[in-house]
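I have placed the structure first, in the form of structure tokens, so that the comments after it can refer back to it.
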Amino acid sequence: MGKSADLLQGTLDLLILRTLEFGPLHGVGIADRVEQLSRGVFVVGPGSLFPALHRLADNGWITGEWSETESKRRVKTYTITTSGRTQLVEEKRNWKKVFTAMNRVLAEEV
Amino acid sequence: MPVTGRIRSFWNWLLHRSAVEKELDAEVQAFYEVVVQRHVENGLQEAEARRLARLQFDSPEIVKEQVRDARPGAALSSLSRDVNYSLRRLRKAPVFALVTIVTLALGIGANATIFSIVSRFVLRPPPVGNPSTLMALHTTHHAECCNNFSWPLFTDVRDQAKSFSGVAAYYELVPASLGGNGDPVRVWGQATTANFFDVTQLAMTLGRGFRSDEEHLPVIVLGHALWQQRFAADPAITGKAVNLSGKPLTVVGVAPPGFHGVDQILDAQFWVPLANLDALLPNKGKLDARNYHWLAVIGRLTPGTAPSQATSEMNLLAKRIVKAHREADFDDGFRFERAGSLPPRDESAILIFLTALSLVALMVLGIAGANVGNLFLVQASSRQREFAVRLALGATRRHLLYQMLIESVMLALCGGLCGVALSLWATRGLAAFRVPAPVPLDLTVDVDARVLLFSFLLSLATGLLFGLVPAWTVVRPMIATGLKGEDQLARPGRLFSLGNVLVVSQIAMSVVLLCSTGLFLRSMQSASQIEIGFHSSGILMMAVDPRLNGYSPERTTQFLNQLRDRIANLPGVRSATYTDAIPLSGGNRSDGFSVVGQAKLTLDSAELYMIGPDYFQTIGTSFIAGHPFTNENPSGPKLAIVNQALVAKLFKNQDPIGQQLSDNGVTYQITGVVKNIKSRVLGEDYRPVLYRSLAQDIARDPSFAGYRIVVQFDHDPAAVAQAVRAEIHSLDPTLAIFDSQSMQEHLRDALFLPRLAGSVFGTFGVLGLVLAAVGLYGVMNSWVSRRTREIGIRLALGARITEIQWLVVRRGMQLTLLAIVPGLALAWAMAKLFTSALYGIQPHDTLTFAIAPLFLACVAFIACWIPARRAAGAAPLDSLRHE
């Protein structure tokens, strides 16, 4: 995991909500999607994924339900809720703010 | 942040813990299964796929632990885990848990009891509205606090002081006889200005306080207790008339429960407007004179006024008043403090006494705590191996420490709970002590919220302190030796180990307690042998106050004489008399005298008693010279009988008989001399006493506390008391009879202070001694256990049993002697504090200081000897096979 970048505090929540925006996924699916979307920069292990999922569920932003995969395996799939979508919009805006601000700071010639 | 979701989730976890855990397990497991399946699909063998998945990610257990840690209330759940673990452990060691809880309960109970006294008399605000802004005002005289107000001074302050939004005055205690159901009873109340209830902002139980136009009307507010006892809590009492000392008064309200005046010690039970005072207390004096200080005053601070502002305003006001009224007996200023504070005159004495009591109670807790600390130490040293194993398995030392603290705090809290239960019982015991005082006092003490909080904090602190010290010592074992089962603390020969320091300090404290106990027990014993100067038994007393029923002085005398004649002729009665006060009632009236014709011979103060015929014969005070009163002519020359102490002060080389004494123009001729008596309290030096004839002085100087019938009986006091009651009521059925008691009861009340001190210190001393003995026993016992092998070797090598016993006893006695020396020094120093509370013995009483340590040494010897016997009784082979 040395190759993956350290996640900023709170970014994992944003990443998970974002991956769920396209539809329900199970745990491995979320980890795969994050890795894929970030082109392999972010690798999410179960040790950080599950605490984050539980945190999001406690906040009412996602719900989990048991379902079956194509290979008839029982897994828990997670779906984003309406308030989760609102939260996602909010977090995206926040992130952009932080992102532009950071860029500005780093681009500034001192 | 949606907090509700997190709370719901925590709640869910709390209620359905196993379901939540099962769900989490399935969830995480499914993740791994998907990963494994993917590896299988990629062509790996199932076993290989699992191995790869395990290598790739953290183990499922760690993942679950991380989820648990991130869960809301994670700290709580880990706490509950530790608590559960401790509970399981304690269930396996019930004796240890029980001993600890009982020990701490005794220590904390002692402190809770003393603190409930402090809480009641020092911390509790009076039950008035907004107690923080209600001030009690006093005047100072030559910068000395505290005097009452005169009426004009009160009106000056009421009308001029801007810092107070309301100022009310009251006469502190008025006796009255109250009619109602059954026989009339004697009650005490207060006469107040009409605004009293507005200033105190009381939430009345029924009705209302006085209206401003009721200053002169016959209305009354009843105390809650009086309303309940005397009027069966009649909800329709307002508007009805009650009979107070023969005067009908209309009830306008009932005060809230617990309110018996702003002062927290006096027990007032009714309130009437000041104008009614004349009817209740005739001949009270010139109530509107500027030099007659008779009113207590309270003031409500104007909102937003700081006490310091009020002080400066009052100082200016005082200067102005002094300038305007030179004749007033008031020359300095005012002082005020929160209403309901301790009486300012006695404040420091009471505080010193309470501090001493608290110190002693803390000492008991210290001994108890040291015991518990030692118990923990013994327990912990037997858990060395467990700790080493847990450390080796990856527990942190901090967590072990934390765990031990949870255990000790849990035990301490249980102990605290039992301690509070104990103090509930103890405060009830305190209520059994009756204080001899001529006025009604409310001295009940109970366990209130402050006491509960105090006990909780004290338990917590005790648990932390006496858990932390031993925990700290044991939670640093060397894993290597610990795993082999060797006890780190078992290094023999160290005299200054933690356990020994604890036991030495507790024995030292118990020396202090024991010496104090000894002093107070000796004081109690010598107090009961004090020569009081009159019969201590065989006498009955009963009081009536005919003045309250409108009797004139002449009629009162006539009534008393008639009653005396009737009672003296009752069967079983030897003689009977009457007086205004019984000696040893805490103080009666006194006055200064000068010898007529010898202006230089004056006496600052002589105790005054008004007596009837046969007084000395009845009460048992012997005559030395002259003759007793017979039937004195009320208008004839006034006669007096004095005691030896007065003669010694005024007439060293003269014959006192026939001398004349003058008190503000009234002259008494001495006709007799009697032996000394203890007049106010048992501990006093004999005071000068002057007896007057009641018939001659009742008109000029009536008693405000009623008159007492004194009866000397042969046998069967109950029947005699019954007969005396019947005689009183056959003369006047409307008279209230009060203070009915035997001389034995009266003297027991007079012994109040030495008895109270003796009981408190006796209890604490015995507690301390037992706890310290148990502590020493425990330490010696574990010392023997740790040296079983050594003892076995010694026995095998031919040591005699007595030598082994001597080994153990010598060790224990070493510790005891080490403790007795500083303990005695401390006790010697502390004894000085008790000087004023001891009766008839010196604070450095040789007997006490010789016997207390000796006694303690004996108890310590027994505590050491029992483990010594056990050590010597062990078979050498068993001892060697011990491990």
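The residue that is surrounded by the most Cβ atoms within 10 Å (Cβ to Cβ), among those in the range B:181-201 that are modelled with pLDDT under 90 and more than 14 Å from residue B:269 (Cα to Cα), is B:184. Counting only strands (runs of 3 or more DSSP E) that sit completely within the range B:103-212, those holding 3 or more residues that are in contact with a strand residue (DSSP E or B) (Cβ under 9 Å, 6 or more places away or on another chain) and aliphatic (A, V, I, L, M) correspond to B:134-141, B:164-178, B:185-192. Test residue A:88 against the stated conditions and say whether it is in a helix (DSSP H, G or I), within 11 Å of chain B (Cβ to nearest Cβ) and under 30 Å from residue B:38 (Cβ atoms). Here the answer is no, as residue A:88 does not meet what is asked.
Residues in the range B:675-702 that are surrounded by 22 or more Cβ atoms within 10 Å (Cβ to Cβ) and hydroxyl-bearing (Ser, Thr, Tyr) were compared, and the one that is modelled with the lowest pLDDT is B:679.
For (1) within 21 Å of residue A:65 (Cα to Cα); (2) of a type in the set (Ser, Thr, Tyr); (3) not assigned by TED's automatic domain parsing to the domain that holds residue B:409, each residue gets a yes or a no:
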residue: B:30; (1), (2), (3): yes, no, yes
residue: B:37; (1), (2), (3): yes, no, yes
residue: B:41; (1), (2), (3): no, no, yes
residue: B:46; (1), (2), (3): no, no, yes
residue: B:61; (1), (2), (3): no, no, yes
residue: B:84; (1), (2), (3): no, no, no
residue: B:91; (1), (2), (3): no, no, no
residue: B:94; (1), (2), (3): no, no, no
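The residues listed here are B:779, B:784, B:766; of these, the one that is closer than 22 Å to residue B:373 by Cβ and either outside the structural domain of residue B:866 (by TED's automatic domain parsing) or loosely packed, with under 15 Cβ neighbours inside 10 Å (or both) is B:766. On the given criteria, is residue B:453 surrounded by fewer than 19 Cβ atoms within 10 Å (Cβ to Cβ), within 30 Å of residue B:187 (Cα to Cα) and at pLDDT 85 or above? So residue B:453 does not fit the description; no. Take residue B:51 and decide whether it is of a type outside the set (Phe, Trp, Tyr) and at the interface with chain A (Cβ under 10 Å from one of its Cβ atoms). In short, no.
Would you say residue B:58 is in contact with a helix residue (DSSP H, G or I) (Cβ under 8 Å, 6 or more places away or on another chain), within 8 Å of chain A (Cβ to nearest Cβ), surrounded by fewer than 13 Cβ atoms within 10 Å (Cβ to Cβ) and modelled with pLDDT under 85?
On the way: in contact with a helix residue (DSSP H, G or I) (Cβ under 8 Å, 6 or more places away or on another chain): yes; within 8 Å of chain A (Cβ to nearest Cβ): yes; surrounded by fewer than 13 Cβ atoms within 10 Å (Cβ to Cβ): no; modelled with pLDDT under 85: yes.
So residue B:58 does not fit the description; no.
Of all residues in the range A:58-76, those that are more than 10 Å from chain B (Cβ to nearest Cβ) and crowded, with 21+ Cβ neighbours inside 10 Å total 1. Could you look through the range B:1-42, keep only residues that are more than 8 Å from every other protein chain (Cβ to nearest Cβ) and not in a helix (DSSP H, G or I), and pick out the one that is surrounded by the most Cβ atoms within 10 Å (Cβ to Cβ)? Only one residue tops the list, namely B:16. Annotation note: Cβ proximity below 6 Å between a residue of the range A:33-57 that is closer than 18 Å to residue B:26 by Cα and within 10 Å of chain B (Cβ to nearest Cβ) and a residue that is among the aromatic types (Phe, Trp, Tyr) and surrounded by fewer than 21 Cβ atoms within 10 Å (Cβ to Cβ) (sequence gap 6+ or interchain) occurs for A:45/B:57; A:46/B:57.
Within the range B:711-739, restricting attention to residues that are within 18 Å of residue B:187 (Cα to Cα) and assigned to a strand (DSSP E or B), which residue is nearest to the chain's Cα centre (by Cα)? The selected residue is B:739. Taken as a whole, the structure leaves residue B:69 outside the set of residues that are facing another protein chain (nearest Cβ under 8 Å), of a type outside the set (Gly, Ala, Ser), out of contact with any strand residue (DSSP E or B) (no Cβ under 8 Å at 6 or more places or on another chain) and not in a helix (DSSP H, G or I). Here the helices (runs of 4 or more DSSP H) wholly within the range B:743-852 that include at least 2 residues being β-branched (Val, Ile, Thr), closer than 30 Å to residue B:528 by Cα and at pLDDT 85 or above are B:752-786.
Does the range B:433-441 include one or more residues that are part of a helix (DSSP H, G or I) and of a type outside the set (A, V, I, L, M, F, W, C)?
Keep residues of the range B:433-441 that are part of a helix (DSSP H, G or I), which gives none.
No, the range B:433-441 contains no residue that is part of a helix (DSSP H, G or I) and of a type outside the set (A, V, I, L, M, F, W, C).
Pairs linking a residue in the range B:558-577 that is among the charged types (D, E, K, R) to a residue that is part of a helix (DSSP H, G or I), with Cβ atoms under 6 Å and 6 or more positions apart or on different chains, are B:566/B:727.
Yes/no matrix, rows are residues, columns are (1) hydroxyl-bearing (Ser, Thr, Tyr); (2) out of contact with any Asp or Glu (no Cβ under 7 Å at 6 or more places or on another chain); (3) surrounded by 15 or more Cβ atoms within 10 Å (Cβ to Cβ); (4) within 30 Å of residue B:765 (Cα to Cα):
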{"position": "B:79", "(1), (2), (3), (4)": "no, yes, no, no"}
{"position": "B:108", "(1), (2), (3), (4)": "no, yes, yes, yes"}
{"position": "B:136", "(1), (2), (3), (4)": "no, no, yes, no"}
{"position": "B:140", "(1), (2), (3), (4)": "yes, no, yes, no"}
{"position": "B:145", "(1), (2), (3), (4)": "no, yes, yes, no"}
{"position": "B:158", "(1), (2), (3), (4)": "no, yes, yes, no"}
{"position": "B:167", "(1), (2), (3), (4)": "no, yes, yes, no"}
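May I ask you to say which residue of B:586, B:538 is surrounded by fewer than 21 Cβ atoms within 10 Å (Cβ to Cβ), in the same structural domain as residue B:616 (by TED's automatic domain parsing) and not charged (D, E, K, R)?
On the way: B:538 fails: in the same structural domain as residue B:616 (by TED's automatic domain parsing).
Sole residue among the options that is surrounded by fewer than 21 Cβ atoms within 10 Å (Cβ to Cβ), in the same structural domain as residue B:616 (by TED's automatic domain parsing) and not charged (D, E, K, R): B:586.
Among the candidates B:337, B:386, single out the residue that is of a type in the set (Asp, Glu) and either part of a helix (DSSP H, G or I) or modelled with pLDDT under 80 (or both). Spell out how you get there, then give the answer.
Numbers: B:337 fails: either part of a helix (DSSP H, G or I) or modelled with pLDDT under 80 (or both).
Result: B:386 is the single residue among B:337, B:386 that is of a type in the set (Asp, Glu) and either part of a helix (DSSP H, G or I) or modelled with pLDDT under 80 (or both).
The values are calculated or read from the model by the stated rules, or taken from the named source; none is laboratory data. Worth saying up front: this structure is predicted, and the values here are computed from it rather than measured. Because the Cβ atoms are built from the backbone with ideal geometry, glycine has one as well, and the counts that use them run over all protein chains shown.
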